[in-house]
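The values are calculated or read from the model by the stated rules, or taken from the named source; none is laboratory data. Note that the coordinates shown come from a computational prediction; the quantities given were computed from them, not determined experimentally. Here the Cβ is made from the backbone with ideal geometry for all residues, glycine too, and neighbour counts use every protein chain on show.
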Amino acid sequence: MKTPLRKIALLCAAALAVIPSAACSNDDSDSSAGDKALDIVYWNYGPAAESGNKATADAFMAANPGTKVTLTPVTGENWGTYYANVATLIASGKRPDVMVISGEGAQFVHANNLVKPINDYLDKDADAKTLTGDIAPGLIDGFTVKGDVITLTYGWNDMVVYYNTAVFKKAGLEPPKADWTWADFEATAKKLTKDTNGDGKTDQYGFTWASNEIFPGIMPWVANAGGNLTSDDVCSATADTPQVNKAVAYLENLIKTGVSPAPMPMSDVFTRFQNGQIAMFGAGRWPIATFLPKFKDFDIQLYPKGDTYKTVFGGAGYPILKSSKNPDLAWEYQKFTVSTDIEKQYVGTADKPGDSIPSRRSLAQTISKVGVPPANSDLYYDSIDKYPTLVPYPAPAKYSAFESTVLRHLQLIFAGEKSVSDGLKDMQAELSSIVTC
Amino acid sequence: MTQDVVPPAVHGRGKPPRKDGLAALAFLSPAIVTFLVFVLAPTAGVLYLSFYDWNLLSDGTFVGTDNFDRLVHDERLLHVYGSTAYMALAILAVNVVVGLLLAVLLETRMPRWLRGFFRLSFLFPFVVSASAVALIWRFLLNKDLGLVNYVLGVIGLDRIDWLGSSAWAPVSVIVVNSWKTIGFSILVYIAGLQAIPDVLREAAIVDGANAWTRFWRITFPMLSPTIFFLVVINTINSFQIFAEPRVLTQGGPGDASRTIVEYLYDRAFGDFDLGYASAIGITFMLVLIALTAIQFRLSRRWTFYE
C-alpha cells in the first residue's frame, strides 16, 4: 500500500474529531525543524498535565538557550485511548521527538518499533549514572523490554489504600497497620459499613474500587493472592489461575455481603470518598491533586497482605521516538525531566501537590518533610524500596484491547450475572488471542 | 429623470439562465464543499481502509474482502447490533410518541410564563454536552449511593441496579438519551403544530368535531410530514448514540448496553484494527441507508402534503 494514499484515507476517515486538540495544536513546519527544536507529545488529562508540561518545557528552554520546545497535547479518556490518538497523529504524518508514556505503553511502543532505547546513553552519559543511582531499580526494570531500556521514569505510582481518617475516628477505629491481612481488612471494612440515617439501608460503605481501571481495581488483590493477569514476560494471559480466582472471589464477596457498593468509575469514587460515603479505596498518589487543599481527612496504608505482599506499580517517562531528528537533544530533555528542579514539581506543596511520586528517592523522601499530605507519605517510596517483591502493572502490546476485555468480563462477574470461575474462564479465552508476543 | 424599468425575468419550466445557475452554485458552494470534505471524502476513506489490514503504525496490507467476511462470523457484533436496535427503537418511540404528546400539551392554554418555563426545561438538556449529562446521571443512578434509588427507597421500593445489570443498563441509556434529545423533537413538533392553519380547527369545531376527532382528522394529517421528518432524523441519531453508554455503563455489563458506534470505536482505537472497524462502519452506514429508504417508501402511505 502506498503511504500517501493511506494517509489521505486516514485523514479522511479518522476525521476531524478524534484528536482535535492534537491535530490543531501545531503543524509539522516547526517541529523538529532545527537542530535545537523538539516536538513533545503528552497526554492532556487535565489542567495539571498542561501546566506541568509547560513548566518543564519553559524551564528546559531557559536552561538551554536557543532551543525550541513545541508541546502537542493529546486527549484521551485513559492511557489506552491516548496511545490510540498518538498513533493516529503519527499515521497522519506528525513526527514527534518525544512522547509521554506510562508503563502501560512500554510494550506497545516497543512492539511497534516507535522508540529509541536509551541503553547507549545510560552507558556513556556520566550524569545518567548519578540519576539512575537515585532511582529505585524496579522503576528502571519496569521500563525495560527485552533488554531495551525505554525511558527514565520521571514519576510513578504504586497502589495503596486510602482511608478517610474522619470516618475511622467516628467509628472508633485505629488507623490500619502496614501488616494487616485480608481478614483484618474485611473486618475493618465491615465496621465502617453503616446505615447512618436510620432508614434501614446502607449509605456508608467500607471499601470500593474503580470499575473502569484494572491498575487500582483488581490488580493489587490479584498480586497479593500471588497471581497476575499475564505471564511475567507479558506474552500470555493468566487470568483464570487459582490466584486470580481467589482475588476476584474476595472482592465479589465484599459486594455480596454489602461491605462494598457496586463498583463505580474512579472519578465517582473520589467524590464519594470525600463526602464520607466510601471509607476506603485504592489508588496511586494521583487522588491527592483532587483532594487538596480542601479535603485533608485522609491517609494511606499498604494493601493488606493476602497469601503474599507485592507492590503493584507503574511509572511514566518521556522516551525518545525513532522519528526524532534530534535524539541527543531529546535525551537531554528526558534527563531534564528527572532533574532536581523538575522532580520538585512532583513533590509539590500542601496546596498544590504533585500527582505522582517523584522517581528520585532523594526527592520523594521530601514529600512528608515539606508537609504535603497525607501523613504517611513516606510509604509511597518505601513500598518500592523496602518491599522486594514488585509487580509491574501488566501491559501487553495490545494494552487497550486487554484492558477493555478484562473490565467487560469483570462487569458481569461483579453484577452477579456470571460466576467468578465462568467469568474468568471466558476472560482467559478472549485474552489468549490479545496477550501475545 | 426617467428610469428604465426592467421587468423581472419570468422563468418557466425551461432551463434557467446560465447566470442564475452560477449564482445558485455560488450560494450552494459552502454546503457542497462541506459535504465533499466532511462527508463524502471520509466515507471514501473508510471504504478504502475497509479492504486493508492496518494498525495505524505499520504499512497496511490489502486483504480484499476479508474484513467483510469477518463481520459474518463476529458473534459479538451480532449481539451489539441487537442491543443497539433495542435501545435505538425505544429512543425513537419515546421521541416521536412522547415528544408529540408533550408538544400538544405545551400548545394547550396556559400562562405564557409557564409555557416558556416548560419549553426551556425540555430544550435545555438538548443543548448541554452529552458527556456532561451522562456524568450527572451516572451519579444519580448509582445503585447503592444514587439519588434515584434513595427516592425509590423512601417510597418503599427496592434498589435497582440501573447501571450494573444487563436488564436495566440499556433502560438507563434509553432514559438518559431520551431525556436529552426529546427537547429537539418537541421543538420541531411545536413548529409543525403552529403551522397548521387555525381556520381548519375552527371549521371542525363549528362542524361539531370533538378534540379526539380534530386530532386524528386535522392535526395528525397536517403534522404527518413533521412526524416523518422526526422519525427519519431520530432513527439515524438514535442508532448512532455513543456518549451515553460510554459514560454511563461503558457499554456493559458485558455488551448489554454497547452500541455499534462504540464497538466500532473500540475496534479502531482499542484494537488498532482500522480495516475491520471501517468494514463495520461501511456496513452500518448501508443498514442506516436501507432503514431510511424503507421509511421513505412507507411514508407515502401515511404522509400528507398540502
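Tabulated data for the structure shown
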{"read-out": "Flag for B:Arg70 being under 30 Å from A:Gly276 (Cα atoms), surrounded by 14 or more Cβ atoms within 10 Å (Cβ to Cβ) and at pLDDT 90 or above", "value": "no"}
{"read-out": "Filtered residues of segment A:402-423 (kept if touching a helix residue (DSSP H, G or I) at 6+ places or on another chain (Cβ under 8 Å), within 14 Å of another protein chain (Cβ to nearest Cβ) and of a type in the set (A, V, I, L, M))", "value": "A:Val406, A:Leu410, A:Leu412, A:Ile413"}
{"read-out": "Extreme residue, farthest from the other protein chains (Cβ to nearest Cβ), among residues of segment A:194-227 that are more than 30 Å from A:Glu403 (Cα to Cα) and of a type in the set (Ser, Thr, Tyr)", "value": "A:Thr196"}
{"read-out": "Among the residues listed as A:Lys294, A:Lys256, the single one being away from chain B (no Cβ under 14 Å) and more than 22 Å from the chain's Cα centre (by Cα)", "value": "A:Lys294"}
{"read-out": "Close pairs from segment A:70-83: first more than 10 Å from chain B (Cβ to nearest Cβ) and touching a residue at least 60 places away in the same chain (Cβ under 8 Å), partner among the hydroxyl-bearing types (Ser, Thr, Tyr) and assigned to a strand (DSSP E or B), Cβ under 6 Å, at least 6 apart", "value": "A:Trp79/A:Ser102"}
{"read-out": "In segment B:41-84, the residues that are among the aliphatic types (A, V, I, L, M) and free of Cβ contacts under 8 Å to residues at least 12 places away in the same chain", "value": "B:Ala41, B:Ala44, B:Val72, B:Leu78"}
{"read-out": "Residue count for segment A:339-392, restricted to those that are modelled with pLDDT under 90, in contact with a Ser or Thr (Cβ under 6 Å, 6 or more places away or on another chain), farther than 17 Å from A:Lys296 by Cα and among the polar types (S, T, N, Q)", "value": "1"}
{"read-out": "Filtered residues of segment B:139-156 (kept if over 19 Å from A:Pro265 (Cβ atoms) and within 11 Å of chain A (Cβ to nearest Cβ))", "value": "B:Tyr150, B:Leu152, B:Gly153, B:Val154, B:Gly156"}
{"read-out": "Residues of segment B:49-76 that turn out to be aliphatic (A, V, I, L, M) and either in contact with a Cys (Cβ under 8 Å, 6 or more places away or on another chain) or within 23 Å of A:Tyr399 (Cβ to Cβ) (or both), as a count", "value": "3"}
{"read-out": "B:Val97 within 13 Å of chain A (Cβ to nearest Cβ) and surrounded by 11 or more Cβ atoms within 10 Å (Cβ to Cβ)", "value": "no"}
{"read-out": "Selected residue (criterion: surrounded by the most Cβ atoms within 10 Å (Cβ to Cβ)) from residues of segment A:44-63 that are without any contact (Cβ under 8 Å) to a residue 60 or more places away in the chain and out of contact with any strand residue (DSSP E or B) (no Cβ under 9 Å at 6 or more places or on another chain)", "value": "A:Tyr45"}
{"read-out": "Candidate set from segment A:106-121 (those that are in a helix (DSSP H, G or I) and of a type in the set (S, T, N, Q)); member that is surrounded by the most Cβ atoms within 10 Å (Cβ to Cβ)", "value": "A:Gln107"}
{"read-out": "Complete set of residues in segment A:34-77 that are among the basic types (Lys, Arg) and assigned to a helix (DSSP H, G or I)", "value": "A:Lys54"}
{"read-out": "Considering residues of segment B:73-84 that are surrounded by 16 or more Cβ atoms within 10 Å (Cβ to Cβ) and of a type in the set (A, V, I, L, M) only, the residue farthest from the other protein chains (Cβ to nearest Cβ)", "value": "B:Leu77"}
{"read-out": "Criterion (of a type in the set (Ser, Thr, Tyr), in the same structural domain as A:Pro47 (by TED's automatic domain parsing), in contact with a strand residue (DSSP E or B) (Cβ under 7 Å, 6 or more places away or on another chain) and buried (at least 19 other Cβ atoms within 10 Å of the Cβ)) met by exactly one of A:Thr88, A:Thr72", "value": "A:Thr72"}
{"read-out": "Count - residues of segment B:121-158 that are basic (Lys, Arg) and surrounded by fewer than 18 Cβ atoms within 10 Å (Cβ to Cβ)", "value": "0"}
{"read-out": "The lone exception for A:Glu430 - which of (1) touching a His at 6+ places or on another chain (Cβ under 9 Å); (2) at pLDDT below 90 it fails", "value": "(2)"}
{"read-out": "Helices (runs of 4 or more DSSP H) lying entirely in segment B:218-302 (those with 3 or more residues that are away from chain A (no Cβ under 14 Å) and either out of contact with any Lys or Arg (no Cβ under 6 Å at 6 or more places or on another chain) or among the aromatic types (Phe, Trp, Tyr) (or both))", "value": "B:220-239, B:274-302"}
{"read-out": "Residue within segment B:49-64 that is away from chain A (no Cβ under 14 Å), on the phi < 0 side of the Ramachandran plot and among the β-branched types (Val, Ile, Thr) present", "value": "no"}
{"read-out": "Number of the exception - B:Lys180 against (1) within 23 Å of the chain's Cα centre (by Cα); (2) within 12 Å of chain A (Cβ to nearest Cβ); (3) of a type in the set (Lys, Arg)", "value": "(2)"}
{"read-out": "Among (1) outside any strand (DSSP E or B); (2) in contact (Cβ under 8 Å) with a residue 12 or more places away in the chain; (3) closer than 28 Å to B:Leu248 by Cα, the one test that A:Lys296 misses", "value": "(3)"}
{"read-out": "Members of segment A:299-313 that are of a type in the set (Ser, Thr, Tyr) and either assigned to a loop (DSSP other than H, G, I, E, B) or without any contact (Cβ under 8 Å) to a residue 40 or more places away in the chain (or both)", "value": "A:Tyr303, A:Thr308, A:Tyr309"}
{"read-out": "Failed criterion for A:Lys124 (all others in (1) of a type in the set (D, E, K, R); (2) over 18 Å from the mean Cα position of the chain (by Cα); (3) surrounded by 19 or more Cβ atoms within 10 Å (Cβ to Cβ) hold)", "value": "(3)"}
{"read-out": "Criterion (of a type in the set (D, E, K, R) and either assigned by TED's automatic domain parsing to the domain that holds A:Gly105 or modelled with pLDDT under 95 (or both)) met by exactly one of A:Asp184, A:Asp232", "value": "A:Asp232"}
{"read-out": "Any hit, segment A:314-335, residues being surrounded by fewer than 23 Cβ atoms within 10 Å (Cβ to Cβ) and free of Cβ contacts under 8 Å to residues at least 60 places away in the same chain", "value": "yes"}
{"read-out": "Selection from segment A:152-167 of residues that are of a type in the set (Gly, Ala, Ser) and over 26 Å from A:Gly133 (Cβ atoms)", "value": "A:Ala166"}
{"read-out": "Residues located in segment A:171-222, provided they are surrounded by 22 or more Cβ atoms within 10 Å (Cβ to Cβ), outside any loop (DSSP other than H, G, I, E, B) and of a type in the set (Phe, Trp, Tyr)", "value": "A:Phe185, A:Tyr205, A:Phe207, A:Trp221"}
